[in-house]
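**Q** What follows is a single structure, and I will ask about it in a moment.
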Amino acid sequence: MLLFRSSSPRQLSLGLAALRLAAAAIFMNHGRQKLFVYGFTGVTGAFTQMGVPFPGIMGPLIGLLEFFGGIALAMGFLTRLVTLGFVFDMLGAILLVQLKRGFSGYELEFLLLGSSVALLLTGGGRFSVDALIARRDEPSAP
């Protein structure tokens, strides 16, 4: 039965691309809000109120990571490096801010954490800039 067959490499790569794009859209939107709606001053103030350590550094850094890292993730560029940053971002969001609200308070962050871990382990897949770079660096067959 089709439902129980293993996925083809193409299907797996399409699944990774879908996961990348969905996570990237969320990260980009949250980063856009931090950078262009609240600005560095506003996000620093918010991080201060939430009790995040070094809010003047972490607030702007997280905004930049989420926005520009989200763009990179959508393209599948530096996927493992970007998602490593997102893993720490989401761990911080859960442990420092959302955990006290219970699971319903951090379920989005938990999903983004899981997505980031999955992409950290697998990479961007065949339909990514990372894959294009890797293929370019491979020696051609004689």
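**Q** Binning every alpha carbon pair distance of segment 1-63 at 5 Å from zero, what are the percents per bin?
**A** The calculated distribution, bin by bin, is 4, 18, 16, 14, 10, 9, 8, 7, 7, 6, 2, 0.
**Q** For the chain, report the accessible area per residue in Å² (1.4 Å probe, heavy atoms, rounded to an integer).
**A** Value returned for the chain: 62 Å² of accessible area per residue.
**Q** Shifting gears a bit: Which one, G63, G42, G124, has the greatest fluctuation when you compute a Gaussian network model over the chain with C-alpha springs under 10 angstrom?
**A** Result: G42 has the largest fluctuation of those listed.
**Q** Still on this structure: Multiply the residue gap between S6 and L96 by 0.36 nm, knock off their C-alpha separation, and tell me the result in nm, one decimal place.
**A** 28.5 nm
**Q** Let me ask something else about it. For the chain, with a Gaussian network of springs between Cα atoms less than 10 Å apart, report the residue from S104, S128, S13 with the top mean-square fluctuation.
**A** S104
**Q** Tell me which of T44, F27, T122 sits at the most positive position along the dipole axis of the chain, charges placed on C-beta atoms (Lys, Arg +1; Asp, Glu -1).
**A** Going by the charge dipole, the pick is T122.
The values are calculated or read from the model by the stated rules, or taken from the named source; none is laboratory data. Everything quoted here is computed from the prediction, not taken from an experiment. When we count neighbours, we look across all protein chains shown, and the Cβ atoms used for this are built from the backbone with ideal geometry, even at glycine. Please note that ligands, DNA and RNA were not included when accessible areas were found on the heavy atoms of the full protein model with its side chains. Shrake-Rupley method; radii C 1.70, N 1.55, O 1.52, S 1.80 Å.
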